[in-house]
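Readers should treat all values here as calculations from the given coordinates under stated rules, not as data from a laboratory. None of the values given here were measured: they were computed from a predicted structure. Here the Cβ is made from the backbone with ideal geometry for all residues, glycine too, and neighbour counts use every protein chain on show.
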Amino acid sequence: MTKVTIRHVAEAAGVAVKTVSRVMNGEPNVTKDLQDRVVKAVEDLGYVPSMAARRMGGSRSYLLVALNDRQNTINNWQSGRGNDWIDQMLHGAMLTCEAHGYRMLFELVEAGSPDLDRKVVAILSALQPDGVILTPPHSQNLALVEMLTRRNVPVVRMGVPGEGVGFGVFMDDRAAAAEATRHLIDLGHRRIGFIAGSPRFEASGQRRDGYRDALTQAGIAIDDDLIAPGDFTFESGVAAAETLLSRPEPPTAILASNDEMALATLHVASRHGLRVPDLSLVSFDDTPGVRLSVPGLTSVRQPISEMAARAAELLIGVSRTGEASPSDHLLPFGLEVRGSTAPRT
C-alpha cells in the first residue's frame with residue numbers, strides 16, 4: 001500500500017504543496033474554498049501529517065512543554081491520591097494542542113533544585129519546544145522566566161500575572177477567598193476558621209488575605225487562633241482541622257485553601273461528632289472529588305482547565321506569528337454552593 005504524502009493531497013485538491021501545509025498548520029490568509037478542498041482531500045485520502053516532516057519544513061517544533069513541581073506531584077502519586085489539579089491542567093492544554101495539530105509534553109522539575117536552570121536547559125535542548133507553560137511554583141520563579149526569555153523561548157506563567165515578562169494566565173485568588181468567606185458570613189457565621197496553604201505558593205498568601213479582607217469588611221475581629229497552617233496535603237489538613245476543632249471555642253465554619261485539606265476536615269469533623277453542614281465547610285479549586293463527597297462541598301471553582309487552554313493558545317499563537325508581547329489574562333472564578341454550607345443555627 002502506497003503511503004499517502006502531502007504531495008498526494010496537493011494533487012487531489014488541485015493546489016500547491018505549500019497551500020496544503022498552510023491549511024494543515026492553521027495559518028491565516030487561506031480562502032475558505034481552498035481550505036475546504038484541502039480538508040476534503042485529507043479526509044478522502046486518510047492523510048496523517050508526519051510531525052518530523054513538519055519540523056523539518058520550518059523553525060517550529062509543534063510541541064509545547066509544561067513544567068510542573070516534582071515534589072508535590074510525586075508525593076500525590078505515591079500517596080495514591082492522584083493529582084486532580086494537574087489532570088485538569090493537562091485536559092485544557094492537551095485538547096487545545098490537539099485541535100491545532102500540536103503535541104503537549106509534561107515534565108517534572110524540582111522547584112528548589114540548585115541546578116534547576118541546567119535541568120530546564122536540558123529539556124529545551126532535547127525537545128526544542130515552541131513554548132513552555134510554567135505552573136506554580138515555577139511560574140513564580142522570575143529568574144527562571146527571565147532565563148527562558150533570554151533564550152527566546154515563549155513562556156506562559158499560570159496562576160500569577162506575567163509582570164511584563166512572559167504571559168500571565170491567572171484568577172484573582174484574593175477576591176475568591178473573600179467571596180467564599182462572605183458566603184459564610186452571610187449564613188450567619190462569625191467564628192470562621194481558615195486552613196492556609198503552603199507558603200511555597202503565592203496563592204496561599206492571597207487566599208489568606210482575602211479571608212481577612214472579608215472579616216474586616218464585615219466588622220468581625222480577626223482571631224489568629226482560628227487560622228491554622230497547612231501545605232495543601234491531606235495530612236496537613238487533618239492536623240489543621242484537629243487544631244481548629246479542638247479549640248475551647250471552635251469555629252462554626254471553616255474555609256480550607258484547597259480540596260484535599262477540605263476533605264481532610266470532613267473526616268476530622270466526623271471524628272469529633274460534628275455533622276457537615278452543622279459545621280459549614282468551604283473548599284478551593286473544585287476538583288472532581290469534592291463533588292462526589294457526602295455532602296458535596298461548597299467550593300471556589302478555579303478555572304484550571306480554561307487557564308491551561310488559554311496558555312496553550314497563547315503559545316501556539318506566538319509560534320505562528322512570532323509576536324510575543326507580554327500580556328496578562330485574568331479568568332473568572334466561581335463559587336459552587338453545595339450541601340456543605342448552611343445557616344448558623
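A few notes on this one:
- From helices alone, the chain scores -14500 deg cm²/dmol at 222 nm; the rule is -39500 (n - 2.57) for each run of n ≥ 4 DSSP H residues, then divide by the residue total.
- Assigned charges on the beta-carbon of Lys, Arg, Asp, Glu; region 224-345 dipole about Cα centre (debye): 420
- Partner lysines for Lys18 [C-alpha distance under 20 Å; skip if fewer than 8 residues away on the same chain]: Lys3, Lys32, Lys40
- Taking a point 7 Å out from the Cα of Lys119 in the direction of its Cβ, the residues of region 63-96 whose backbone N falls within less than 14 Å of it are 67-75.
- Measuring nothing but alpha carbons in region 80-179 and taking Rh as the Kirkwood radius, the Rg to Rh ratio lands at 0.97.
- Positive-end residue, the chain charge dipole about Cα centroid, Cβ charges, pick of Ala253, Thr321, Thr96: Thr321
- Computed from the alpha carbon positions, the gyration tensor of the chain leads to an equivalent ellipsoid with semi-axes of 46, 21, 18 Å, biggest first.
- Test item: Cα-centred dipole of the chain, Lys/Arg +1 and Asp/Glu -1 on Cβ, debye: 840
- Relative to the longest principal axis of the Cα atoms of the chain, the long axis of helix 202-217 makes an angle of roughly 40 degrees.
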